[in-house]
Amino acid sequence: MMNPTDVLGVSPDASDEEIRAAYLRKVRECSPDRAPEQFERVRDAYEMLRDPRRRRRQRLFAADPISPLAVLFAGGTRPRRFVGPGPWLEVLKSK
Amino acid sequence: MLSPETEAGVRQLISRGEHRAALDRAKEIHKAVRTPASETLLVDTYVERIQALMGRGLMVEAKALVELVRQRHPSSRRRLDELARPAGAGPRSLNELLRPLADPALSTDERVTLERIVRRDVWDLSALAACEALPVTHALRTAAAALHRSFVAVTSGPVTDEELELPEVSRRSPLACWKLLVRAIAYFHRGDRESCERALDAIDAESAPARLVTALRSMLDDDTATPLQPGRSGAAGAPGLSASSPAAAALRTAVTRKPALVRELEALDRAFASRSRSGIVKLIRSVVEECRRESPGRLEALKQHISVRCAVANLDAARVVAAMGGPSRHDAAFNRLLARAFEETHDPEHLVIACSIWDEFRRAAAQEGWFAENSPESAVISLHIAGLLERIPEPALRELQQSARRGAALRGRNISFLFPDELYQRTCLLDPHPEAFSRWMAWAARQRGGQAARVAKAWHKIRHEDVEPILHLMDDAEARRAFGTAIGWLAKLDRIDSLRPDVQRRRFRLLAGAVIDRARRKKLAHAMKEIDRLAALPEAQQGDRPAVVAALRALVNAGWDDADATASCCADVDRLLQDRAAAAMLLSVVATAAKQRALGQLEGVEHLSSAERASLPRALARVGVLAGELRLSLKLPRPWLAEAARRFPASRASLGVDELRALAECGEQTGNVDLAYAATAEGLARGGASEAGFLYLRARTLAASPDRKAVCARAAAELAREQQDMELAERALAVARGPFGSELFPLTLDQAREVLREEKAATERPGGGTREPDYGHLLPQCQCPNCRRNRGEPVNPSDEFDFEDEDDFAIDLPPGMTPRMMNELLDAAAEAARRGESFDSFASRMLDDPPPGGRRRPRRRKKRR
């Protein structure tokens, strides 16, 4: 399971109000009929964070010694650089 | 003259895409005839060839061929100019191309043709926006200018949704696809894959922006680590454009090129995966260097991760430290990471290390201010360590605890992290939550010597309103026959939640048990008071329970030697059950439990009428259900049981599932295997949800066939699991393990169903020529030398020796005891132990005789000083 604070986009020390506000915002973004899988992830994350005991446990055991170092230290997706229009136009020109 | 057939031949070659062959043929024809028609055919063929070259991206070759044809065939210049114009798309050619669009008298056909060329070929938006041939306010120029601004914006930095609206570009504009491309690029940079793909899908495959679709898709695929897919262009991919064209590859590299640190980290990950020790150390050095340069703030965390991985991989610590340029900081974060790494390996030795490190973490975290020493967080860690200890095999943990005690005595170290009881206790004190108590009690229940009762008391002391510990304490008191204490707990439960089904179920059993116990101890006045209390319960009015109350009254009256009252109560039992045989059996069961042998004496079965004998199975079943509810043993004379078994076939169809179950239990409990087997056969034949239960009962009747018994029990457990009946599954697995707790063999649900089918077909009890189902294929193969030899497997002479040795240590059976009897005795002993029955009680029940030396005198209770 993804880190619930990442799913809701809140800091690990977020207050109850911040967590609830983030949850409501995420639910608006991915409603159950539009993105059911994403909604489930958001709901599970909220369920975990709203319970102080589960949140405490999640925070204590969040350390991940298994994931690849490249993922831990560079995020899951590749960086995307803004390189200006030049290289894009070269592809358009190259017919 | 150019014949139509000849011309058709060339055009056929063109239509098949054989441009080179068509061109050769057209040249031959034109050389031979030299007519305007042959020249037109040749120029047509050249145009097709040029377009094919351009389609393949061979622009230089196409341009050279255009020049050649222009020189050799001046009449073709106009056509070739049109062909060459978009390829250049410079301001001059654009001006020439688009000038007609400024003419209001331009025909619709010509306008459509020109717009098609713009949509398909114009890629330079800035040139289009500056096209002098069109007025400044022309829709095409304003749209191109807006698109150019947006295109520059989305490729240079983040943009807002408002910037992507582009109202200047209408849906019908030849530049409409550019709007989609601009949005796709913006979504790509935002990481919104779904929206990006939606925009790309909508781009017309014939439009100029479609040339970027394949490249963009390949960059999207980079996120899922798939290689560039040259052939894939999607619904709107530009035909003929290879995604791996130099320009596309350069774009991809420029946009998605990873930082050096990420590349180094990926290499280190690969080295850890391949366990190349020298490679790891070398890469650690470069990763640390790169991180120090690129992201110094994360260097310490990275070194900690690297140290942990190297520790788990058992790499030379000195070399790792040298490669990192110094050791990593051993703080709470490091301990937590190291503990997590060790607990992930599932190696018992590593689990012990993990427990020790978690303990270190608890202390370090408190020192570093993560949380207070006695905070709920500390409780969470203690509970976690206790959970890890439960994953270590019990003997290994005991040995470890003993050696740690010896070491700790010398070094004065706190080793409480090795003792689950202390950890649970600490957890429950710091954070008294039912979940923690429940886990503590589950652990205690698996230990020897009534530890669960101690935990239940501790639980109840802290959380008075929790039902679980009170239920446990009540059951524990009942098992010890401390009915007064048990009733006290019941009163507490009634105050908390008197409507709980598990409380209601226990209430009737407990009060009836208390009456029997008091009658046994001749405290008859107390017993009668309890009966009055029992009779007032709503639970006592259900089913045949009023007859139980009447039987208890008869018991007490018999104790008082009040013959009239006893007879009246016995008549009540008769009346309530409407069955003389059932009434007699119920009185017998109750009186035997209270050790009132006179009342419990059953007359000979031959004294029953033929109707009473015919209904004996049902009567036995009713009494069996009541005895089961009260947890009383069903001791009935053998002739009664034999008669019930004899009468069973005639009455089985009229019996309900509960009655069949009770009969199977009675038969099994009283050793009447015929009755038990026949009841399970009928129960299995009924089908439905009770099949798993009857298969479990069938297993219990098969003491003489241990293999078949184990398979039936294993199958019953699988079927019960499927029905979510975990209690039945547990009981069935206990039978499958046997008295010595053998290892369980695997059985799939399909195999369980196959066993069920076989057992349903086996309606006759084994023996007397009846064939038993053969489950040899489901059981693990016997490894004794004889069986291995029979299977044609090689037998090592030393194995044979080992097995012969084992025979020397086989248990000597007592004289007159057959192996089957021994098996049954062991099974019964195991079952009794599971029920919590004492050995004395089990022995007296089995032997049904007072121990040698006459009746034991009741022990005097020692006075407390």
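The values are calculated or read from the model by the stated rules, or taken from the named source; none is laboratory data. What you see is a predicted model, and the numbers here were worked out from it, not measured in a lab. Positions of Cβ are generated from backbone atoms using ideal geometry, with glycine treated the same way; all protein chains shown enter the neighbour counts.
Couple of notes before you dig in:
- When each of B:Glu758, B:Glu727, B:Glu718, B:Glu691 is tested for being over 24 Å from B:Gly656 (Cα atoms) and among the acidic types (Asp, Glu), the lone residue that passes is B:Glu718.
- Scanning segment B:700-729 for residues that are of a type in the set (D, E, K, R) and under 19 Å from B:Ala829 (Cβ atoms) turns up B:Arg700, B:Lys709.
- Residue list for segment B:774-790, filter: under 40 Å from the mean Cα position of the chain (by Cα) and buried (at least 17 other Cβ atoms within 10 Å of the Cβ): B:Tyr775, B:Leu778, B:Arg788
- Count of residues meeting criterion [modelled with pLDDT under 85 and either closer than 19 Å to B:Arg336 by Cβ or among the basic types (Lys, Arg) (or both)] in segment A:12-58: 3
- Test: residue in segment B:180-192 that is in a loop (DSSP other than H, G, I, E, B), under 46 Å from the mean Cα position of the chain (by Cα), modelled with pLDDT under 90 and within 13 Å of chain A (Cβ to nearest Cβ): yes
- Inter-residue pairs, beta-carbon under 6 Å, first within 14 Å of chain A (Cβ to nearest Cβ) and in segment B:342-363, second charged (D, E, K, R) and in a helix (DSSP H, G or I), 6+ apart: B:Ala354/B:Glu343; B:Phe361/B:Arg336
- Segment B:744-771, residues that are farther than 11 Å from B:Ala713 by Cα, part of a helix (DSSP H, G or I) and hydrophobic (A, V, I, L, M, F, W, C): B:Leu749, B:Ala761
- Every residue from segment A:42-61 that is within 19 Å of A:Ser11 (Cβ to Cβ) and either within 9 Å of another protein chain (Cβ to nearest Cβ) or among the polar types (S, T, N, Q) (or both): A:Pro52, A:Arg56, A:Arg57, A:Gln58, A:Arg59, A:Leu60, A:Phe61
- Among the residues making up segment B:747-772, those that are at pLDDT 90 or above and acidic (Asp, Glu) are B:Asp750, B:Glu754, B:Glu758, B:Glu759.
- Tally of residues being aliphatic (A, V, I, L, M) and in a helix (DSSP H, G or I) across segment B:147-179: 6
- Criterion (at pLDDT 85 or above, surrounded by 16 or more Cβ atoms within 10 Å (Cβ to Cβ) and among the polar types (S, T, N, Q)) met by exactly one of B:Ser126, B:Ser170: B:Ser126
Listed here are the residues, each with its yes/no results for (1) of a type in the set (Asp, Glu); (2) touching a Ser or Thr at 6+ places or on another chain (Cβ under 9 Å).
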| site | (1), (2) |
| --- | --- |
| B:Thr108 | no, no |
| B:Arg111 | no, no |
| B:Leu114 | no, no |
| B:Ala133 | no, no |
| B:Ala143 | no, yes |
| B:Ser156 | no, no |
| B:Thr160 | no, no |
| B:Glu163 | yes, yes |
| B:Arg172 | no, no |
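- Residue that is farthest from the chain's Cα centre (by Cα) [pool: residues in segment B:410-445 that are within 26 Å of B:Leu490 (Cβ to Cβ) and part of a loop (DSSP other than H, G, I, E, B)]: B:Pro432
- Residues that are touching a residue at least 24 places away in the same chain (Cβ under 8 Å) and in a helix (DSSP H, G or I) within segment B:307-325 comprise B:Ser307, B:Val308, B:Arg309, B:Cys310, B:Ala311, B:Val312, B:Arg319, B:Val320, B:Ala323, B:Met324, listed in sequence order.
- A Cβ distance below 7 Å, combined with a sequence gap of six or more or placement on separate chains, defines the contacts here; from segment B:10-22, residues that are assigned by TED's automatic domain parsing to the domain that holds B:Asp44 reach residues that are of a type in the set (Ser, Thr, Tyr) and at pLDDT 80 or above in the pairs B:Val10/B:Thr45; B:Ile14/B:Thr45; B:Ala22/B:Thr45.
- Taking the criterion of being in contact (Cβ under 8 Å) with a residue 24 or more places away in the chain and either away from chain A (no Cβ under 14 Å) or surrounded by fewer than 18 Cβ atoms within 10 Å (Cβ to Cβ) (or both), the residues of segment B:129-157 that qualify are B:Ala130, B:Cys131, B:Glu132, B:Ala133, B:Leu134, B:Pro135, B:His138, B:Ala139, B:Leu140, B:Thr142, B:Ala143.
- Residue within segment B:317-329 that is facing chain A (nearest Cβ under 10 Å) and crowded, with 19+ Cβ neighbours inside 10 Å present: no
- Single residue of B:Ala598, B:Ala581, B:Ala621, B:Ala591 found to be under 13 Å from B:Val548 (Cβ atoms) and touching a residue at least 24 places away in the same chain (Cβ under 8 Å): B:Ala591
- Pairs with Cβ under 8 Å, 6+ apart, first in segment B:501-515 and under 25 Å from B:Lys595 (Cα atoms) and in contact (Cβ under 8 Å) with a residue 12 or more places away in the chain, second among the basic types (Lys, Arg) and in a helix (DSSP H, G or I): B:Phe508/B:Arg545; B:Leu511/B:Arg533
- On the stretch given as segment B:706-731, residues that are farther than 18 Å from B:Glu743 by Cα and out of contact with any Leu (no Cβ under 7 Å at 6 or more places or on another chain) total 7.
- Any helices (runs of 4 or more DSSP H) falling wholly within segment B:642-743 and containing at least 2 residues that are within 26 Å of the chain's Cα centre (by Cα): B:691-701, B:706-722, B:726-737
- Top-ranked residue in segment B:245-284 [being of a type in the set (S, T, N, Q) and either surrounded by 15 or more Cβ atoms within 10 Å (Cβ to Cβ) or under 20 Å from B:Gly325 (Cβ atoms) (or both); ranked as farthest from the other protein chains (Cβ to nearest Cβ)]: B:Ser278
Here is a yes/no grid of residues against (1) farther than 23 Å from B:Cys177 by Cβ; (2) outside the structural domain of B:Trp178 (by TED's automatic domain parsing); (3) hydroxyl-bearing (Ser, Thr, Tyr); (4) modelled with pLDDT of 75 or more:
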residue	(1), (2), (3), (4)
B:Pro227	yes, no, no, no
B:Ala235	no, no, no, no
B:Lys282	yes, yes, no, yes
B:Ser286	yes, yes, yes, yes
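- Looking at segment B:512-605, the helices (runs of 4 or more DSSP H) lying wholly inside it that each contain 2 or more residues that are within 24 Å of B:Phe483 (Cβ to Cβ) and either β-branched (Val, Ile, Thr) or in contact with a Phe, Trp or Tyr (Cβ under 8 Å, 6 or more places away or on another chain) (or both) sit at B:524-535, B:545-559, B:563-577, B:580-593.
- Within the span defined as segment B:195-208, one or more residues are in contact with an Asp or Glu (Cβ under 7 Å, 6 or more places away or on another chain) and either in a helix (DSSP H, G or I) or within 14 Å of another protein chain (Cβ to nearest Cβ) (or both).
- Test: residue in segment B:355-362 that is over 23 Å from A:Pro65 (Cβ atoms) and surrounded by fewer than 19 Cβ atoms within 10 Å (Cβ to Cβ): no
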